[in-house]
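> A single structure is presented below for examination.
Here, each number is a calculation from the coordinates, and none is a lab measurement. In this text, all values refer to a predicted model and were calculated from it rather than measured experimentally. Cβ placement follows ideal geometry from the backbone for every residue including glycine, while neighbour counts extend to all protein chains displayed.
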Amino acid sequence: MLEHMSGETEIMISRKKKDKSPRRVGSVKRTSQAEGQMMKCRSSKQSTEHPEKKQPMSRKETSAAASDVTSDNYRHPRFLHGPYPATHFGPKACMLPNPTSVMHIQDPASQRLTWTKPPMNILVIKKVRDESLLEPFKQLCTFLIEEKHLMVYVERKVVEDAILLQDEIFGKIRNQLCTFKEGYDDISKCIDLIICLGGDGTLLYASSLFQDSVPPVMAFHLGSLGFLTPFTFESYKTEINKVFEGNAAIILRSRLKVKITKDLSHLQESASTYPMEEDGILSQSHVNSDVGKVDLNLQVLNEVVVDRGPSPFLSNVDLYLDDRLITTVQGDGVIVSTPTGSTAYAAAAGASMIHPNVPAIMVTPICPHSLSFRPIVVPAGVELKVMLSPDARNTAWVSFDGRKRQEIHQGDCIKITTSCYSVPSICCHDLVYDWFESLAECLHWNVRKKQTRMSEETD
């Protein structure tokens, strides 16, 4: 198993990717990976390929091994802690290697960000339709372009805002911005750092733009909740300079790798009846015309939600774990979430809140028609499969981080497991303090009026 993991790690780190740039933007030359990280991966692979020779087993051990032969078929086929996360984030950022890591998995407390080369291409994501963010957005872009001399990418609809177009002072900066349109321009290979201005939705949107390796994300709290946005904008210049210097604490927020297999006729029927988003679901699909199926692949940061949709009947879906049926969900639906998503929809449905560094997948029923159906937590390395039950009275609906909502018919299949491409979120203080600070400030966790002290009384 270690040989397989280290081999995959070497492939992920040494793989060379081609450049794809958005329209009106010049191509950006890819940088080479850190030589030290490559040597570490090669040495780890050699150590697993040449294990020490084992001593001959005693008679008692031989007998015990023979009795366990029948149980080999029931052993778990994958590493329960999930795949080893990719340690390179975009073209120029990677995790600082730690020689004390065990089994090639670093201690989360030692996860620090470093740069193989200075970042040059910055993606700024601003919450749309919020006029209060226009001034911070202009200040940030001016700072990055005029003072730091960086190339700034923004979404096209952001710079087309009517108020920004009327601002003549900002016109010089606006003309230097590189624009892109989601679903049409691929910027995933040329971004070094992501800066979010807004709430948690901006970080979810940033995750959706990168279906493979994700650059480091620095999120400023300028939205309504801000559980995932630890930085305040008042000291943005100081905080950004610290990140550029390197050695910043990061938390790897695991994502779900989702594969939806749908009947091609059902997909075409849904597309004609229920219009999809601009980026659509066909743009990230693989059509197999021989069997009439289409595979949709997505990376999800918060949760996958399967619900009954507009139907008045209970949803009736079968839940499999590693191809074994474990239960049938009868109720309003089921939520499959990451630890990051445990403080979102899952928390509202009664699930426990889990720290993002815990390797796990959460399964939470939505209003189950059973008093004993409680939320469960399974190892991150398992594969979950959700299918419509054969005796279901209606279809079901599925959404991914609240987007790309579509209908699920009989025969359609949703496979979910932990992705190796996590979201490296930069911490303001550290990964433990930031999380509990968000619990207290955003969710008011365990906030209540304190109990008064009892006065001393004599018997």
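> Using the Cα centre of the stretch 121-201 as origin and beta-carbon charges of +1 (Lys, Arg) and -1 (Asp, Glu), tell me which of Leu133, Tyr184, Leu144 is placed farthest towards the positive end of the dipole.
Towards the positive end, the residue furthest out is Tyr184.
> Here's a follow-up. Of Lys189/Lys293; Lys148/Lys257; Lys157/Lys189; Lys126/Lys449; Lys117/Lys262; Lys181/Lys262, which ones are farther than 32 Å apart at the Cα? Before the final figure, lay out the partial values.
Numbers: Lys189/Lys293 29 Å; Lys148/Lys257 36 Å; Lys157/Lys189 21 Å; Lys126/Lys449 37 Å; Lys117/Lys262 43 Å; Lys181/Lys262 27 Å.
Table pairs above 32 Å Cα-Cα are Lys148/Lys257; Lys126/Lys449; Lys117/Lys262.
> Follow-up. Indicate, rounded to the nearest 5 percent, the antiparallel portion of the DSSP beta bridges found entirely in the stretch 86-195. Working shown, then result.
On the way: 6 of 15 bridges.
Antiparallel: roughly 40 percent of the beta bridges in the stretch 86-195.
> On a full-extension model of 0.36 nm per residue, what is the gain between Val432 and Ser311, subtracting their alpha-carbon distance, rounded to one decimal in nm?
Details: separation 121, 0.36 × 121 = 43.56 nm, distance 4.20 nm.
Full extension of this stretch gives 39.4 nm more.
> Sticking with this structure for a sec: If you put +1 on each Lys and Arg Cβ and -1 on each Asp and Glu Cβ, how big is the dipole of the stretch 107-173 around its Cα centre, in Debye rounded to 20?
Details: 10 positive and 11 negative charges, 63 e Å.
Value, rounded to 20: 300 debye.
> Same structure again: Using the Cα centre of the stretch 305-430 as the reference point, and only Cβ charges (+1 on K/R, -1 on D/E), how large is the resulting charge dipole? Debye, rounded to the nearest 20. Mind showing how you got there, number by number?
Values: 9 positive and 11 negative charges, 30 e Å.
Magnitude of the dipole: close to 140 debye.
> Now for a different question. Can you check what the net charge comes to around Arg253, using other residues whose Cβ is under 13 Å from the Cβ of Arg253 (Lys, Arg +1; Asp, Glu -1)?
Values: positive: Arg255; negative: Asp200, Glu303, Asp401, Asp434.
With Lys, Arg at +1 and Asp, Glu at -1, the neighbours total -3.
> Based on the Cα coordinates of the stretch 332-444, what is the per residue volume of their convex hull in Å³?
Details: hull volume 14.8 nm³, N = 113.
Dividing the Cα hull volume of the stretch 332-444 by its residue count gives 131 Å³.
> Once you put a point 7 Å from the Cα of Ser370 and another 7 Å from the Cα of Asp186, both along the Cβ direction, what distance in nm separates them?
4.4 nm
> Here's a follow-up. Can you give the net charge of the other residues whose Cβ lies under 13 Å from the Cβ of Ile326, counting K and R as +1 and D and E as -1? All intermediate terms of the calculation are to be shown ahead of the outcome.
Details: positive: Arg324, Lys385; negative: Asp318, Asp322, Asp323, Glu383.
Spelling it out: positives minus negatives among the neighbours equals -2.
> In nm, what is the difference between 0.36 nm times the number of residues separating Lys172 and His409 and their Cα-Cα distance?
Working: separation 237, 0.36 × 237 = 85.32 nm, distance 5.19 nm.
Extra length from Lys172 to His409 when fully extended: 80.1 nm.
> How big is the charge dipole of the stretch 409-459 about its Cα centre, in debye rounded to the nearest 20, if each Lys and Arg gets +1 on its Cβ and each Asp and Glu gets -1 on its Cβ? Walk me through the numbers before you get to the answer.
Values: 5 positive and 8 negative charges, 45 e Å.
Approximately 220 debye in magnitude.
> I want to make sure I understand the PRE zone here: with the label point 7 angstrom from the Cα of Glu160 toward its beta carbon, which residues in the stretch 172-205 have backbone N atoms less than 18 Å away?
Flagged as within label range: 174-187.
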